Amino acid sequence: MATNTINAELFAKMFLAGAANLEAKKEFINELNVFPVPDGDTGTNMTLTILSAAKEVTVLEQTNMQALAKAISSGSLRGARGNSGVILSQLLRGFTKEIRGYKEIDAEIFAQACERARATAYKAVMKPKEGTILTVAKGVAQKAAELAETTGDFEIFLPQILEHAEYVLSRTPEMLPVLKEAGVVDSGGQGLLEVLRGAYDAFQGKEIDYSAIETSSGTTMVRPGVQAEADIKFGYCTEFIIMTEKKFSEKDETEFKAYLESIGDSIVCVADDDIIKIHVHTNDPGLAIQKALTYGQLTRMKIDNMREEHQERLFKNSEKLAAEQKRNASSKAKEPEKEIGFIAVSIGEGLNNIFRELGVDYIIEGGQTMNPSTEDMLTAINAVSAKHIFILPNNKNIILAANQARSLTKEKDIIVIPTKTVTQGITAVINYMPERGISANETNMLEEIQKVKTGQVTYAVRDTRIDDKEIHEGDIMGIGDEGILSVGQSVETVAKEMLSCQVDADTELISLYYGKDVLAEDAVRFAQEISNLYPEADVDAHFGGQPIYYYILSVE
């Protein structure tokens, strides 16, 4: 029997099923990311975005199309994280704007909503790139418009749209060479496809697991930025250094990694001359230590109970949030509104302090490891008592969320300086001149951040091929503004090779910001080595305290 309309109740089920399926597939989507860095990946960002909307849907008192559309649009816009999450929120915003005036959706309305979703998302991106989630959304809109002219039966309409979306996704490697080189399809497009697949399952009446979504009856929902204790498969974060007593061959490294994988995950094994740095999450640290002792003596051993830390962090975060909210409310009432304010995204005690010392009013904790949401941006904007507020995203994956927060802010003038790295952010705020106007400062900061070259040294979390470089899990990578510049086994060797690609005759200053896993004395020694290599440039070292990245460097 033909199904020619979808009512609000069915659409709500389809949306929630799409969200649940995306959540279930997020790790698979994360693995499609071309860049093998330990960051807030596409699957995670899209999932947190859609779960924010799903939460709004589950608490609706009445299910009609208008209320449903508002909940999906508002929830996804505010919960949007990362570029992929922002684009998904814009797709949902466009789609729901089209359907909100109807009691039921037919094929023609559905097609119009798909087209509005496409147009809204393309408009939100300054330079739309084909071979991405946008291309899949466009393919869906085009197919929906074509089918709406020949059939009104959703039993025919929906599976053909889904089939075409799968085809368009399969073509993305032909549109983006970097995808073809890595041998993957676009991760954002895959995320959108998983939402569509979940929605179609619900349309067909299949049994859906909604356990990731908080319902009005109190089912637990996975909350942004918080890993549920039940999700912590391996409870002990185990780190140590092996001082080898014999040669540690490639075969030894392969065998040791394989052993660690058999007892845990999140493995890093980096060999450098006569020392090997090990990181593993496991339920039995003793096994890792016992195996390591067969290669040499151990030093700098550190074992943390992540389940205990998780509970403590939840408690501390709740206390911190309550205190911060009280403090913000109090200070907001007392502080007179000033002309100019600054918000910066940063992570790491040292980097946070640098921004504060430079006059930044509000630090949003986040960055590569956890992209802040639009809601986080709005909270910061509300907390800063200023007429004009500069936002420094300091990560290319956060710029869209900052722009989205700007568009949602009516009472204050928000200026987003599209800083892609913390070094650009530091340069931007240093070059702010109080005696100049808003427009002149914006222009000056935009010009100055283009003069900064940034290098970041971290480790690979997966095997891939990119920029003509074969990369394996655990390798050290030197990442420049345009891609990966060096790959190797030694942090300092990789950093030097990366700098050799960035330093030129005009270089005057090289700044090193060392992370929480680098000792101060090692950073000072390394800075001196850099100074010896480039005697014409001033070289300084600062404590950044950032996780994941051993060094962040700026070349000016």
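The values are calculated or read from the model by the stated rules, or taken from the named source; none is laboratory data. Just so you know, these numbers come straight off a predicted model, no measurement behind them. Using ideal geometry, Cβ is built from the backbone for each residue, glycine included, and neighbour counts are taken over all protein chains shown.
Any chance you could count how many residues in the range 370-408 are among the basic types (Lys, Arg) and over 12 Å from the mean Cα position of the chain (by Cα)?
To start, the set of residues in the range 370-408 that are among the basic types (Lys, Arg) comprises 387, 396, 406.
Subset that is over 12 Å from the mean Cα position of the chain (by Cα): 387, 406.
Count: 2.
For THR443, the criteria (1) touching a Ser or Thr at 6+ places or on another chain (Cβ under 9 Å); (2) without any contact (Cβ under 8 Å) to a residue 12 or more places away in the chain; (3) of a type in the set (S, T, N, Q) hold in every case but one, which is (1).
Only one of SER346, SER373 is buried (at least 22 other Cβ atoms within 10 Å of the Cβ), on the phi < 0 side of the Ramachandran plot, among the hydroxyl-bearing types (Ser, Thr, Tyr) and touching an Asp or Glu at 6+ places or on another chain (Cβ under 8 Å). Can you tell me which?
Details: SER373 fails: touching an Asp or Glu at 6+ places or on another chain (Cβ under 8 Å).
Within the list SER346, SER373, the selection yields SER346.
Conditions (1) crowded, with 19+ Cβ neighbours inside 10 Å; (2) at pLDDT below 80; (3) in contact with a Gly (Cβ under 8 Å, 6 or more places away or on another chain); (4) closer than 15 Å to GLN489 by Cβ, marked per residue:
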{"residue": "GLY225", "(1), (2), (3), (4)": "no, yes, no, no"}
{"residue": "GLU229", "(1), (2), (3), (4)": "no, yes, no, no"}
{"residue": "ILE242", "(1), (2), (3), (4)": "yes, no, yes, yes"}
{"residue": "LYS246", "(1), (2), (3), (4)": "no, no, yes, no"}
{"residue": "LYS257", "(1), (2), (3), (4)": "no, no, yes, yes"}
{"residue": "GLU261", "(1), (2), (3), (4)": "no, no, no, no"}
{"residue": "SER266", "(1), (2), (3), (4)": "no, yes, no, no"}
{"residue": "VAL270", "(1), (2), (3), (4)": "yes, yes, yes, yes"}
{"residue": "ASP273", "(1), (2), (3), (4)": "no, yes, no, yes"}
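For the range 433-440, check the following and say yes or no: at least one residue is crowded, with 18+ Cβ neighbours inside 10 Å and in contact with a strand residue (DSSP E or B) (Cβ under 9 Å, 6 or more places away or on another chain). Explain how you work it out, then say what you get.
Going residue by residue through the range 433-440, those that are crowded, with 18+ Cβ neighbours inside 10 Å are none.
No - not one qualifying residue is present in the range 433-440.
Taking the range 329-432 as the region of interest, the helices (runs of 4 or more DSSP H) fully inside it that hold 3 or more residues being among the aliphatic types (A, V, I, L, M) are 374-383, 399-408, 422-430.
Taking the range 441-452 as the range and being surrounded by fewer than 22 Cβ atoms within 10 Å (Cβ to Cβ) and outside any loop (DSSP other than H, G, I, E, B) as the test, the residues that pass are ASN441, GLU442, THR443, ASN444, LEU446, GLU447, GLU448.
When the residues of the range 139-164 are filtered to those that are free of Cβ contacts under 8 Å to residues at least 24 places away in the same chain and not hydroxyl-bearing (Ser, Thr, Tyr), which remaining residue is surrounded by the most Cβ atoms within 10 Å (Cβ to Cβ)? Talk me through it step by step, then tell me what you get.
Restricting attention to the range 139-164, the residues satisfying the condition of being free of Cβ contacts under 8 Å to residues at least 24 places away in the same chain are 142-143, 146, 149-150, 156, 160, 163.
Among the residues that remain, those that are also not hydroxyl-bearing (Ser, Thr, Tyr) are: 142-143, 146, 149, 156, 160, 163.
Values: GLN142: 17, LYS143: 21, GLU146: 13, GLU149: 10, ILE156: 15, GLN160: 15, GLU163: 10.
Checked the range 139-164; the qualifying residue surrounded by the most Cβ atoms within 10 Å (Cβ to Cβ) is LYS143.
Among the conditions (1) outside any helix (DSSP H, G or I); (2) at pLDDT 90 or above, HIS281 misses just one, which is (2).
Close contacts from the range 70-92, counting a first residue that is farther than 15 Å from ALA119 by Cβ and surrounded by fewer than 24 Cβ atoms within 10 Å (Cβ to Cβ) and a second that is at pLDDT below 90 and among the aromatic types (Phe, Trp, Tyr), with Cβ to Cβ under 8 Å and a gap of 6+ residues or different chains, come to none at all.
Quick grid of which residues meet (1) outside the structural domain of GLU349 (by TED's automatic domain parsing); (2) without any contact (Cβ under 8 Å) to a residue 40 or more places away in the chain; (3) out of contact with any Phe, Trp or Tyr (no Cβ under 9 Å at 6 or more places or on another chain):
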{"position": "GLU470", "(1), (2), (3)": "yes, yes, yes"}
{"position": "LEU485", "(1), (2), (3)": "yes, yes, yes"}
{"position": "VAL491", "(1), (2), (3)": "yes, no, no"}
{"position": "GLN502", "(1), (2), (3)": "yes, no, yes"}
{"position": "LEU509", "(1), (2), (3)": "yes, no, yes"}
{"position": "PRO535", "(1), (2), (3)": "yes, yes, yes"}
{"position": "HIS542", "(1), (2), (3)": "yes, no, no"}
{"position": "GLY545", "(1), (2), (3)": "yes, no, no"}
{"position": "TYR551", "(1), (2), (3)": "yes, no, no"}
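Could you list, in sequence order, the residues of the range 379-393 that are of a type in the set (A, V, I, L, M) and over 19 Å from THR427 (Cβ atoms)?
Kept after step one, since they are of a type in the set (A, V, I, L, M), are these residues of the range 379-393: 380-381, 383-384, 386, 389, 391-392.
Once the filter is applied, which keeps residues that are of a type in the set (A, V, I, L, M) and over 19 Å from THR427 (Cβ atoms), the range 379-393 yields ALA380, ILE381, ALA383, VAL384, ALA386.
Of the strands (runs of 3 or more DSSP E) entirely within the range 459-541, those holding at least 3 residues that are within 16 Å of VAL37 (Cα to Cα) occupy 464-466, 469-471, 476-479, 484-488. No other residue among LYS103, LYS26, LYS97 is farther than 25 Å from PHE157 by Cα and in the same structural domain as LYS138 (by TED's automatic domain parsing) apart from LYS26. Listed by first and then second residue, the pairs with beta-carbon distance under 8 Å, at least 6 apart or on different chains, first residue in the range 165-182 and of a type in the set (A, V, I, L, M), second surrounded by fewer than 19 Cβ atoms within 10 Å (Cβ to Cβ) and part of a helix (DSSP H, G or I), are LEU179/PRO173. Candidates in the range 28-52 are the residues that are surrounded by fewer than 22 Cβ atoms within 10 Å (Cβ to Cβ) and assigned to a helix (DSSP H, G or I); of these, the one that is modelled with the lowest pLDDT is ASN30.
For the range 518-531, check the following and say yes or no: at least one residue is under 25 Å from the mean Cα position of the chain (by Cα) and surrounded by 21 or more Cβ atoms within 10 Å (Cβ to Cβ).
As a first pass, look at the range 518-531 and keep what is under 25 Å from the mean Cα position of the chain (by Cα): 518.
Among the residues that remain, those that are also surrounded by 21 or more Cβ atoms within 10 Å (Cβ to Cβ) are: 518.
There is at least one residue in the range 518-531 that is under 25 Å from the mean Cα position of the chain (by Cα) and surrounded by 21 or more Cβ atoms within 10 Å (Cβ to Cβ).
If we scan the range 42-53, do we find a residue that is touching a helix residue (DSSP H, G or I) at 6+ places or on another chain (Cβ under 9 Å), under 17 Å from THR96 (Cα atoms), assigned by TED's automatic domain parsing to the domain that holds LEU179 and free of Cβ contacts under 8 Å to residues at least 40 places away in the same chain? Yes, that holds for at least one residue.
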